[in-house]
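*Asks:* Have a look at this one before I ask anything.
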Amino acid sequence: TRQRLILLALALIPLTLLLAAVFSWLINRPIKQLKASIQQLGRADLGPLPAISGPQDIVELGREIDWLRQRLQALEEQKLRFLRHVTHELKTPLASLREGVALLDDELAGNLNARQRTIVGIMDGSSRDLQKRIEDLIRYGSLVHDATLPPTAPLQALAGVLDSVLARHRLALDARRLQVDRQLAAPMLHADRSQLETVLDNLLSNAIKFSPDEGRILIRSELSSSASLLDVCDQSGGIPHAERSRVYEPFFQGARQPDSAVKGSGLGLSIVRETLLAAGGQIEIIDSPPWTTCFRTTWPLPQ
């Protein structure tokens, strides 16, 4: 009898282990599903969440998380409608303002003295700055609203695109005596030219804004096994780790702002991220000494 009990106990050990594994799987599976749903919301992905199965309490918690997703989606759509309305309402008076400044600058209303011409120049610069901010709002709203899959991108010569972007920033570069270095190990890149120019334009503008006078900016490209890498690095002093996860948020302004720069809209890096997402790529901050700030953009290779 004692021997029979020992054999029975030994036989129950595998069964007990099997039952423990089954119960562990039944418990861990819905928890992993909940974790995946929360991580999806954390990435600002408001698409449908994975189905959650398991005990009733876990399923109910999953429904609450999905309700939160729908609420966030509704708020995002409301924000985009507000942005479109505001930008539409601002465009008409801004056009009138720009036209009035142009008429004054052409002296159609009479000759201007030196002081008046200085004031007209300030008005022209301010109106251009306001126009750029409105265009940033329009561009950001259209990027977030457009969820279409990226088409197959043509091959672009980086040198030509970079020349075009640098020409738009030549005055700012010369005024700050900034030097732009190129290291184009991968001279060609698969990308839509408009998207590539948007990314380079905003990253270069950001580098110019935060770089010290007489500093250097690096634009570097290389090829990995699955993507083209395009970096824009500068000597601005770096981004605090506490802010690195927030710099892509719309309208976010870091604690460290240059005194001499005109305060921006806070949309530049948001536009870069949304542009890259539309192209199937991504952006990240990497450590690349001696450069203190380095943004890496990843562009997928055609399949």
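Please treat every number below as a calculation from the coordinates, not as lab data. Please read these numbers as outputs of a predicted model, since none were measured by experiment. Cβ coordinates were reconstructed from backbone atoms using ideal geometry, including for glycine residues, and neighbour counts include every protein chain displayed.
*Asks:* Counting other beta carbons within 10 Å of each residue's own, what order do Trp67, Trp291 fall into, fewest first? All intermediate terms of the calculation are to be shown ahead of the outcome.
*Replies:* Numbers: Trp67 10, Trp291 19.
Lowest count first: Trp67, Trp291.
*Asks:* What is the set of long-range amide H partners of Gln156 at a cut-off below 5 Å, with H atoms built 1.01 Å from backbone N?
*Replies:* Amide H neighbours of Gln156: Leu189, His190, Ala191.
*Asks:* Right, here's the next one. Using modelled backbone amide H atoms (1.01 Å from N, in-plane), which distant-in-sequence or interchain residues come within less than 5 Å of Thr293's amide H?
*Replies:* Excluding prolines and chain starts, which carry no amide H, the hits are Asp234, Ser236, Gly237, Gly238.
*Asks:* Separate question: Kindly write out, for segment 173-179 in residue order, the coupling ³J(HN,Hα) from the Karplus curve 6.51 cos²θ - 1.76 cosθ + 1.60 (θ = phi - 60°), rounded to whole Hz, with x marking Gly and Pro.
*Replies:* My calculation for segment 173-179 gives 5, 5, 5, 9, 6, 9, 10 Hz in order.
*Asks:* How do Ile134, Ile52 rank when sorted from fewest to most other Cβ atoms within 10 Å of their own Cβ?
*Replies:* Details: Ile134 17, Ile52 21.
The order, fewest Cβ neighbours first, is Ile134, Ile52.
*Asks:* To continue, here is another question. Calculate the all-directions average of the projected area of segment 1-147's alpha-carbon convex hull, and give it in nm².
*Replies:* Working: hull surface 60.1 nm².
Seen from a random direction, the Cα hull of segment 1-147 projects 15.0 nm² on average.
*Asks:* With charges set only on the Cβ (+1 for Lys and Arg, -1 for Asp and Glu), what does the dipole of the chain come to about its Cα centre, in debye to the nearest 20? Kindly include the intermediate steps, with their values, before the conclusion.
*Replies:* Details: 35 positive and 34 negative charges, 204 e Å.
That gives a dipole near 980 debye.
*Asks:* Right, next: Treating only the Cβ atoms of Lys and Arg (+1) and Asp and Glu (-1) as charged, compute the dipole magnitude of segment 152-209 about its Cα centre; round to the nearest 20 debye.
*Replies:* Values: 7 positive and 6 negative charges, 47 e Å.
The dipole magnitude comes to about 220 debye.
*Asks:* Sorted from fewest to most neighbouring beta carbons within 10 Å, what does the list Val86, Val272 look like? Don't skip to the end; give the middle numbers.
*Replies:* Details: Val86 14, Val272 25.
With the sparsest Cβ surroundings first, the list reads Val86, Val272.
*Asks:* Another one. Apply the Karplus curve 6.51 cos²θ - 1.76 cosθ + 1.60, θ = phi - 60°, to the phi angles in segment 134-143 and return the couplings in whole Hz, x for Gly and Pro.
*Replies:* So the Karplus estimates, Gly and Pro as x, are 5, 5, 4, 4, 5, 5, 5, x, 6, 5 Hz.
*Asks:* Go through segment 65-169 and name the GluC sites (Glu not before Pro) that are in a DSSP coil and have 16 or fewer other Cβ atoms within 10 Å of their Cβ. Don't jump to the answer; show the numbers that get you there.
*Replies:* Numbers: sites: Glu76, Glu77, Glu89, Glu99, Glu107, Glu135; in loops: Glu107.
Qualifying residues, ordered by number: Glu107.
*Asks:* If you don't mind, another one. Using the Kirkwood radius over C-alpha pairs as Rh, can you work out the diffusion coefficient of segment 155-300 via Stokes-Einstein at 4 °C, viscosity 1.567 mPa s, in µm² per second?
*Replies:* Values: Rh = 15.4 Å.
Translational D for this selection: 84 µm²/s.
*Asks:* To the nearest 20 debye, what charge dipole does segment 64-195 have about its Cα centre, counting +1 at the Cβ of each Lys and Arg and -1 at the Cβ of each Asp and Glu? Could you put the intermediate results ahead of the total?
*Replies:* Values: 19 positive and 18 negative charges, 55 e Å.
Here segment 64-195 has a charge dipole of around 260 debye.
*Asks:* Can I ask one more? Sum up the charges of everything whose Cβ sits under 9 Å from the Cβ of Ile138, counting Lys and Arg as +1 and Asp and Glu as -1, but leave Ile138 out. Don't skip to the answer; put the middle values down first.
*Replies:* Working: positive: Arg84, Lys91, Arg139; negative: Glu135, Asp136.
Computed value for this residue: +1.
*Asks:* Using the charge dipole of the chain (Lys, Arg: +1 at Cβ; Asp, Glu: -1 at Cβ; taken about the Cα centre), state which of Pro14, Ser194, Leu97 has its Cα farthest towards the positive end.
*Replies:* Pro14
*Asks:* For the chain: lysine pairs with Cα atoms under 18 Å, gap of 8 or more or different chains, count?
*Replies:* Values: Lys91/Lys132; Lys132/Lys209; Lys132/Lys263; Lys209/Lys263.
So the count of such lysine pairs works out to 4.
*Asks:* Quick one: net charge of Glu243's neighbours, Cβ under 12 Å, K/R +1, D/E -1? Provide the component values of the computation, followed by the final result.
*Replies:* Values: positive: Arg244, Arg246, Arg256; negative: Glu249.
Within the 12 Å Cβ shell, the charges total +2.
*Asks:* Give the long-range amide H neighbours of Ile217: residues separated by 5 or more places, or on another chain, with amide H under 5 Å away, using H modelled in the peptide plane at 1.01 Å from N.
*Replies:* Amide H neighbours of Ile217: Gln179, Val180, Asp181.
*Asks:* I need the phi-derived Karplus couplings for segment 208-218: 6.51 cos²θ - 1.76 cosθ + 1.60, θ = phi - 60°, integer Hz, Gly and Pro marked x.
*Replies:* So the Karplus estimates, Gly and Pro as x, are 5, 4, 9, 6, x, 4, 6, x, 10, 10, 10 Hz.
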